[in-house]
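Step one of this worksheet: look at the structure below.
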Amino acid sequence: MSWWAFATRSGQFCNHRSFLYRIELGVPSAADGGRLKYTSFEVASRLAASIWASVPDDPLLDAAAQDSLSTSANVIAQAQRMMGDQRAHRSRADERRAAA
């Protein structure tokens, strides 16, 4: 493969919407008439990205594996745990620095 072909394909990959944007599709919920709902792993990914600007940690992945992030009470409990972590404070400090 030539350098030009590699650069072109790399650019196409990096500009693809699945690479640029966080896309969680959810699964149809029979209890809600087929409405799409995030899976526990999608919720974990969203929480980690929103609060830490990072990836889920082991406790969050364990909660997702047990499907405990399907209730709002457990999502709130995980979010509160995450807000007490140093990564949440670093993430907010980085945002303030970028805005200045």
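The values are calculated or read from the model by the stated rules, or taken from the named source; none is laboratory data. Keep in mind it's a predicted model, so treat the numbers as computed, not measured. Note that each Cβ is placed from the backbone with ideal geometry, even for glycine, and that neighbours are counted across all protein chains shown.
Within segment 18-33, work out how many residues are modelled with pLDDT of 65 or more and on the phi < 0 side of the Ramachandran plot. Spell out how you get there, then give the answer.
Kept after step one, since they are modelled with pLDDT of 65 or more, are these residues of segment 18-33: 23-33.
Cutting the leftovers down to on the phi < 0 side of the Ramachandran plot gives us 23-25, 27-32.
The number of residues fulfilling the criteria is 9.
Does ALA73 satisfy being at pLDDT below 95 and of a type in the set (Gly, Ala, Ser)? If you could, list the steps in order and put the result at the bottom.
Numbers: at pLDDT below 95: no; of a type in the set (Gly, Ala, Ser): yes.
No: the conditions fail for ALA73.
Cβ-Cβ below 9 Å, separation at least six or inter-chain, first residue in segment 64-77 and touching a residue at least 40 places away in the same chain (Cβ under 8 Å), second aromatic (Phe, Trp, Tyr): which pairs?
none
Among the listed residues ALA73, ALA63, ALA44, which satisfies the condition of being over 14 Å from the mean Cα position of the chain (by Cα), surrounded by 16 or more Cβ atoms within 10 Å (Cβ to Cβ) and assigned to a helix (DSSP H, G or I)? Before the answer, list the steps.
Values: ALA73 fails: surrounded by 16 or more Cβ atoms within 10 Å (Cβ to Cβ); ALA44 fails: over 14 Å from the mean Cα position of the chain (by Cα).
Checking each option against the conditions leaves just ALA63.
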